[in-house]
Structures are given as structure tokens and as C-alpha cells.
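See below for the structure under consideration.
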Amino acid sequence: MPGLCALVVCGAPLAARSAQIAADLAAHGWRLDVVMTPSAASWVDEDALTAATRNPPRSVHRPVGSSDRAQPEVVVIAPVTFNTVGKMAAGIADTYAHGVLCEALGDGVPILAIPMVNDRLWGHPAWAANTARLTQAGVRWLSIHDGTAGPPRPVVSGTGSDVVSRFDPGWVAAQLP
């Protein structure tokens, strides 16, 4: 039986489907701890996400003195952005979500990342180095286009809403260990 999955949601159009992704993961038996980057909040329907997971998503640390969160068995980043890839590769943990990701990467927790990065950012010199570094560290990539595992592929600028509408949340659970 699956255990705890940390679902990290970053600020890109696929974040609008986070409740559906969470509901599908829950239907496959995963317990979910949902963490959002600050920029994800404008994309996410927090009520729908809370209903799908039975826990409200978090974007800030718990208050001092509260219990620590449990270590996830797996982390899903849906979507992962150019910014978050750069922060993970550089070890920058300046938000709660980025801290969760850096901690998971450092602890060897399996990470499945669904990049939503447009083709204009794809040519940035840091992108190839950062994705290679994360791949070498064990991050697995899931295509937002067809759900296949493999090297990241860009989203053509201006096509995000079409790509998101064709995304099947079932692709995520199918790629988890």
C-alpha cells in the first residue's frame, strides 16, 4: 500500500489541475501532504485541493513548537517551474516548498517532476545544467505532453492552456514506485 506523498505545486498553469492530480493520487491509496510555492496560490483552488486531500495545502512553515511533518515516501512536483528547478539544483531553500524539495533531494526521497517551462526559457544556459544535475541526483521527469518518463520537454510559449487541458492526472500515479 502506498504511503505519504508530498505534492509540491509551483506557480504555472498546471497548478490549476492540482486538485485533480491530488484526487487521483488519493484514489491510488496515497496519503497526501500538499505544499505550494508562494506563486502557486493564484493558480490553485484551495477548497478543492483540501477536499481532495482532507488537509489544507501549506505554503509556510508550521508554527514553532508544533509537530514535525512526516517524511514522504515520494515527492511529486506538479508543475515544476524554471525557478524551482534552479533553486533545487543550487540548494536554495528560501521558501517552505523549496526547503521540502531540497530536503527530499538530500535525503534520497524519489522525486517525480512535471516541468512546465516554456521554450523561451529552455535556451537559458542554466536550464540544461540544472536539469542534468537534478537528473543525476535521481529526479525523474514526466512529460506534461503525454505522460511518458524521460528528459524534460518544453511547452511552446502561448500553448499552456491547451497543454494543461490535455494533461491526464492519471499519468502521475502510473509513474510512481
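The values are calculated or read from the model by the stated rules, or taken from the named source; none is laboratory data. Since the model is a prediction, treat every value here as computed from it, not as a measurement. Cβ placement follows ideal geometry from the backbone for every residue including glycine, while neighbour counts extend to all protein chains displayed.
Is it the case that segment 146-162 has a residue that's touching a residue at least 24 places away in the same chain (Cβ under 8 Å), of a type in the set (Gly, Ala, Ser) and part of a strand (DSSP E or B)?
Checking segment 146-162: at least one residue is touching a residue at least 24 places away in the same chain (Cβ under 8 Å), of a type in the set (Gly, Ala, Ser) and part of a strand (DSSP E or B).
Is segment 145-167 home to any residue that is at pLDDT 95 or above, buried (at least 19 other Cβ atoms within 10 Å of the Cβ) and within 19 Å of Ala6 (Cα to Cα)?
no
Can you name the residue in segment 40-62 that is among the charged types (D, E, K, R) and part of a loop (DSSP other than H, G, I, E, B) and, of all such residues, is modelled with the highest pLDDT? Lay out the reasoning, then the answer.
Step one: list which residues in segment 40-62 are among the charged types (D, E, K, R), which gives 45-47, 54, 58, 62.
Next, only the ones that are part of a loop (DSSP other than H, G, I, E, B) stay: 45, 54, 62.
Values: Asp45: 92, Arg54: 84, Arg62: 61.
Within segment 40-62, the match that is modelled with the highest pLDDT is Asp45.
Which members of segment 128-137 meet the condition of being surrounded by 12 or more Cβ atoms within 10 Å (Cβ to Cβ) and closer than 21 Å to Glu103 by Cα?
Applying the first criterion (surrounded by 12 or more Cβ atoms within 10 Å (Cβ to Cβ)) to segment 128-137 yields 128-135, 137.
Once the filter is applied, which keeps residues that are surrounded by 12 or more Cβ atoms within 10 Å (Cβ to Cβ) and closer than 21 Å to Glu103 by Cα, segment 128-137 yields Ala129, Asn130, Thr131, Ala132, Arg133, Leu134, Thr135, Ala137.
Name, by its number, the condition in (1) of a type in the set (Gly, Ala, Ser); (2) buried (at least 17 other Cβ atoms within 10 Å of the Cβ); (3) at pLDDT below 80 that does not hold for Gly65.
Unmet for Gly65, out of (1) of a type in the set (Gly, Ala, Ser); (2) buried (at least 17 other Cβ atoms within 10 Å of the Cβ); (3) at pLDDT below 80: (2).
Has segment 69-84 got at least one residue that is part of a helix (DSSP H, G or I), of a type in the set (Val, Ile, Thr) and buried (at least 17 other Cβ atoms within 10 Å of the Cβ)? Even if it seems obvious, please write down each step before you answer.
To start, the set of residues in segment 69-84 that are part of a helix (DSSP H, G or I) comprises 82-84.
Narrowing further to those that are of a type in the set (Val, Ile, Thr): 84.
When the remaining residues are screened for being buried (at least 17 other Cβ atoms within 10 Å of the Cβ), the result is 84.
Scanning segment 69-84 turns up at least one residue that is part of a helix (DSSP H, G or I), of a type in the set (Val, Ile, Thr) and buried (at least 17 other Cβ atoms within 10 Å of the Cβ).
Report yes if Ala97 is exposed (fewer than 13 other Cβ atoms within 10 Å of the Cβ), in a helix (DSSP H, G or I) and touching a helix residue (DSSP H, G or I) at 6+ places or on another chain (Cβ under 9 Å), otherwise no. Please lay out each step first, then the result.
Numbers: exposed (fewer than 13 other Cβ atoms within 10 Å of the Cβ): no; in a helix (DSSP H, G or I): yes; touching a helix residue (DSSP H, G or I) at 6+ places or on another chain (Cβ under 9 Å): yes.
In short, no.
So which pairs qualify, if the first residue must be in segment 96-117 and under 16 Å from Val34 (Cβ atoms), the second must be of a type in the set (Lys, Arg) and in a strand (DSSP E or B), the Cβ gap must be under 9 Å, and the two must be at least 6 apart or on different chains?
Listed pairs, sorted by first residue: Tyr96/Arg58; Ala97/Arg58; Ile111/Arg140; Leu112/Arg140; Ala113/Arg140.
Which ones in segment 138-177 are polar (S, T, N, Q) and over 28 Å from Glu103 (Cα atoms)? I'd like the intermediate steps shown before the answer.
Kept after step one, since they are polar (S, T, N, Q), are these residues of segment 138-177: 143, 148, 157, 159, 161, 165, 175.
Residues satisfying the conditions are Ser157, Thr159, Ser161, Ser165.
Quick one: is Pro115 touching an Asp or Glu at 6+ places or on another chain (Cβ under 8 Å) and at pLDDT 95 or above?
Values: touching an Asp or Glu at 6+ places or on another chain (Cβ under 8 Å): no; at pLDDT 95 or above: yes.
In short, no.
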